[in-house]
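Colleague: Please read through the structure below; I'll follow up with questions.
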Amino acid sequence: MSKRVIMAAGNWKMNKTPKEAVEFVNSLKGLVAGSKSEVVVGVPFVCIPGVAEAVKGSNIKVAAQNVHWEASGAYTGEVSCAMLKELGVDYVIIGHSERREYFGETNEMINKKARAILDAGMTPIICCGESLTQREQGVTAEHVRYQIKVALLGISAEEASRLVIAYEPIWAIGTGKTATNEQAEEVCGIIRQLIRELYNDDVAEKIRILYGGSVNAGNAKALFEMPNIDGGLVGGASLKLDAFEQIVKHDA
Ligand code: PEP
């Protein structure tokens with residue numbers, strides 16, 4: 001069986017102004033044109049209008065880094081799915097460990113966000129991953145299985161087959177300490193097995209599971225070649241043109 005289409009998704013976090021963002025993607029367009037991998041840039045809300053316009057006609061897709069699950073109303077500071085969809089957003093990253101840690105995002109909230117994103121015709125990129133303590137205590141599998149199980153409550157098999165899960169061990173995010181290929185593969189395999197249990201073989205074969213945590217130009221190829229890893233959610237290295245280009249073209 002051939003593997004799924006590899007995704008190289010950048011998560012810019014709170015970096016780049018709207019002007020810098022447009023300049024970056026205008027340069028990136030030419031560098032990644034015709035790549036075999038799907039290219040996604042996860043940009044701050046205020047950068048979305050300019051970036052979505054700039055990537056038109058290219059192979060770059062736009063992701064938001066968060067969304068609120070309600071359609072509208074008194075939620076000061078929040079942004080709805082309809083607002084993102086109208087701007088041309090394809091993917092929404094939810095459940096990133098930074099949002100869980102600094103903004104109190106829970107598995108139940110992530111489940112509501114996933115539901116709203118799918119209903120709006122966009123695709124969630126659902127993040128999960130263990131802390132160093134959890135890994136050392138040997139509860140990585142239980143923790144990640146629980147996170148994903150709750151996030152997927154009420155999501156149909158057809159919907160699940162289209163979504164993206166990003167396994168991001170917290171100890172590897174922004175630390176320069178990448179999980180080994182085997183560690184990353186093991187947990188991505190556990191997630192795929194969970195999807196098989198929750199749904200069926202077909203969904204398990206279709207769903208894309210990314211690895212995230214200090215992915216760079218040097219380690220992307222080996223990670224993305226692992227059987228259960230379908231690409232990467234990339235933080236720091238996605239802010240640099242040459243590094244992100246090399247990650248996208250890891251198999252060139
Ligand atoms: C991330 O932000 O999801 C991430 C994995 O960051 P970094 O690649 O910098 O570790």
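All of the numbers you see were taken from the coordinates with simple rules; none came from a lab. Model, not experiment: these values are computed from the prediction. Here Cβ is always computed from backbone atoms with ideal geometry, including for glycine, and neighbour counts include all displayed protein chains.
Colleague: Among the numbered criteria (1) under 19 Å from Asp230 (Cα atoms); (2) more than 17 Å from the chain's Cα centre (by Cα); (3) surrounded by fewer than 17 Cβ atoms within 10 Å (Cβ to Cβ), which single criterion is violated by Ile190?
Modeller: (3)
Colleague: Looking at the range 112-129 only, could you name the residues that are out of contact with any Asp or Glu (no Cβ under 9 Å at 6 or more places or on another chain), of a type outside the set (A, V, I, L, M) and crowded, with 22+ Cβ neighbours inside 10 Å?
Modeller: Answer for the range 112-129, where residues must be out of contact with any Asp or Glu (no Cβ under 9 Å at 6 or more places or on another chain), of a type outside the set (A, V, I, L, M) and crowded, with 22+ Cβ neighbours inside 10 Å: just Pro124.
Colleague: If you don't mind, another one. Six or more apart or on different chains, Cβ atoms under 8 Å: show the pairs whose first residue is in the range 233-245 and closer than 22 Å to Ile126 by Cβ and in contact (Cβ under 8 Å) with a residue 24 or more places away in the chain and whose second is near the ligand (Cβ under 7 Å from one of its atoms) and among the basic types (Lys, Arg).
Modeller: What qualifies is Gly235/Lys13.
Colleague: Also: Small (Gly, Ala, Ser) and crowded, with 20+ Cβ neighbours inside 10 Å, is that true of Ala82?
Modeller: The answer is no for Ala82.
Colleague: Tally the residues that are buried (at least 19 other Cβ atoms within 10 Å of the Cβ) and either within 16 Å of the ligand (Cβ to nearest atom) or of a type in the set (Gly, Ala, Ser) (or both), restricting the search to the range 136-170.
Modeller: The number of residues fulfilling the criteria is 11.
Colleague: Of everything in the range 209-236, what is on the phi < 0 side of the Ramachandran plot and either among the polar types (S, T, N, Q) or within 6 Å of the ligand (Cβ to nearest atom) (or both)? Give them in sequence order.
Modeller: Gly212, Val215, Asn216, Asn219, Asn228, Leu233, Val234, Gly235, Gly236
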